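Here's the structure we're looking at; comments come further down.
The values are calculated or read from the model by the stated rules, or taken from the named source; none is laboratory data. Every value quoted in this text rests on a predicted model; they were computed, and no experiment measured them. Positions of Cβ are generated from backbone atoms using ideal geometry, with glycine treated the same way; all protein chains shown enter the neighbour counts. Accessible surface areas use protein heavy atoms only, side chains included; no ligands, DNA or RNA. Shrake-Rupley method; radii C 1.70, N 1.55, O 1.52, S 1.80 Å.
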Amino acid sequence: RRTLHNRVIQLTGNIRVYIRVRPLIPSEQQLQLAATTTTTTLAAARPSSSSGRPSSSSGRPSSRGSIACASSSSKLQQQQQQQQQEECFHFPGLADRKISGGTASKSPNYTSFSDLSKQTIELTEPHRDRGGLNPRRKKWKYGFDKVFNPVNDQADVWEGAEPLVQSAVDGHKVCMFAYGQTSSGKTHTMIGDSVNRGLIPRAVEKLFASKKEIERSFGGNVSVSIKVELLEIYNEDVFDLLDADAGPKGQKMKIRLNSNEAVNNVVVEASSQDEVQGVLELAQQRRCVKATKSNSESSRSHLLFTVRFELSSLTNEEMNRQGVLHIVDLAGSERLDKSGSHGTLLTEAKHINTSLSALSHVIQKLQEKSEHIPYRDSKLTYLLRDSLGGDSKTLCIVCCSPHQAHFNESLNSIRFAANASKVELKQGNKVDV
C-alpha cells in the first residue's frame with residue numbers, strides 16, 4: 001500500500017499547488033461598496049464633451065435637452081455600477097472553458113487553462129475610470145491542481161492536503177506552506193480556530209490516529225513516537241518558540257550547514273493530540289505579531305511547525321522509518337506604501353519580502369532545472385532544502401484576498417503559484433506506466 005500510495009503522489013506531482021481565495025470580511029465589503037458609490041457618482045457627473053455640455057454623436061447639442069442628459073447619465077450610472085460590482089476572481093467550470101489550443105493557450109496570461117485535469121481561476125483587473133472611454137480590463141487565466149473559492153471551507157482544503165500527510169506517515173519528507181500577501185488568510189488556513197480548524201490540528205489528529213492504528217495492528221511489537229518542534233524565522237534569525245526565553249529577544253538557534261537543521265532546539269515528544277495543541281498555542285503566544293495598516297494582526301515572522309513520525313519495530317528492523325512533516329505559515333508579503341511600515345516594522349517588512357523573494361528564486365531555479373539551486377540565500381529556504389528537493393512531497397497553498405484594492409498583490413501571488421506549478425518531478429522520481 002505504501003509503495004502504491006507513493007507512486008500515486010509522484011504521478012500527480014511531488015509539488016502540488018492549490019489556490020485559495022478567502023471571502024470578503026464585513027469591513028472590506030463596506031469599503032468596496034463605498035468605493036463603488038463614489039466612482040459611480042463621479043462618472044455620472046462627468047460631462048460627455050470637452051465643452052462641459054452634453055452633445056449628440058454628431059457633435060451638435062441634443063434637441064432632447066435635459067431629458068436626454070438625464071437618460072444618458074442614468075444609463076452611464078447603471079453601466080458603471082454594473083462594472084464595479086463585477087468580481088475580480090472567477091472560477092470557470094469545464095463548460096466555461098473556450099480555449100482548446102492555438103495561440104491563446106500559449107499566452108502567459110492563460111497558463112494551464114486548457115489542461116482539463118486542472119481546476120481553473122480567472123482574474124479580471126478592477127474597473128478603472130477611463131474618462132468616458134470604453135473600459136479595457138485585462139484578464140488572466142490559470143490552471144492549478146486545486147482552486148478553492150470563497151465558498152469552500154477548511155474541510156475542503158484538508159481533503160486536498162490529507163494524502164500528503166499520509167506520505168509523512170509512510171516515512172517520506174513532506175512540506176506544506178501557505179504563501180500570499182498579508183491579510184490573505186494564511187494563518188487561518190494553517191492554524192484556524194476552535195470552530196474552523198486549520199491544517200495543523202487536522203494533520204496532528206491524523207498522525208495520532210495512524211499511530212494508534214499501527215500499534216494496534218502489530219500487537220505491541222511496533223512503537224510509534226511523535227515529536228514536535230517549533231521554530232520562528234524573524235529578521236533572518238532563527239528562534240526556538242519552545243525555549244523558555246523564546247521570542248525576538250530569546251535564544252538564536254544556529255543552523256548546522258551539513259544537515260540543514262537547527263541545533264540544540266527543544267524537541268517535545270507528545271503522547272496525545274491535546275499536548276500538541278497546548279504546545280502550538282504556547283508558540284502562537286510567543287510568535288511576533290504586530291498591527292499594520294494592512295492587517296491588525298500581521299505575522300512578522302515565518303512559523304515552522306515540524307512533526308517527526310518515527311516507527312520502531314522490535315522484531316523487524318526493515319520496518320523502522322521516520323517521516324517528517326513541515327507545515328510553514330509564512331509571513332505575508334506587503335507593499336510598504338499600503339502597510340505604512342516604518343522603524344522596526346519597516347525592517348521586518350524588508351526581511352520578510354527578501355526571504356519570500358529568495359523562495360521565489362528557488363522555485364524558479366527548480367522550474368528551470370538549474371544545476372545550482374540557491375538554498376543558501378535565506379534561512380527559510382535553507383531549512384526547507386530537504387523538503388523542496390529529492391523525493392520530498394511539497395504542497396504550496398497560495399492565499400489571495402478578493403478585495404479590489406489588493407488585486408495587484410493577488411496577481412503577483414498567482415504568478416508565483418504558476419511558476420511553482422511548472423516544477424516537474426525530479427529525474428530520479430519519474431515513474432513509467
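Taking all protein chains together and rolling a 1.4 Å probe, Glu215 ends up with roughly 60 Å² accessible. Between Glu87 and Leu346, full extension at 0.36 nm per residue minus the direct alpha carbon distance yields a gain of 90.0 nm. The stretch between Gln285 and Glu371 holds 26.9 nm of extra length on full extension. This uses 0.36 nm per residue minus the Cα-Cα distance. When His351, His127 are compared by accessible area at a 1.4 angstrom probe, the order from most to least is His351, His127. Placing dummy labels 7 Å off each Cα toward the beta-carbon, the span from Lys422 to Ser194 is 4.7 nm. Ranked by solvent-accessible area (1.4 Å probe, protein heavy atoms only, all chains present), the residues Thr344, Thr124 order from largest to smallest as Thr344, Thr124. Residue order by solvent-accessible surface for Lys141, Lys173, Lys369, Lys393 is Lys369, Lys173, Lys141, Lys393, largest first, with ligands and nucleic acids left out and a 1.4 Å probe. Measuring only protein heavy atoms, the 1.4 Å probe finds Thr3 accessible over about 100 Å².
Note on Trp158: accessible area is roughly 40 Å² with a 1.4 Å probe, heavy atoms of protein only.
Protection proxy ranking of 175-184, 354-363, 306-315, by the mean of other Cβ atoms within 10 Å over each peptide's residues and highest first, is 175-184, 354-363, 306-315.
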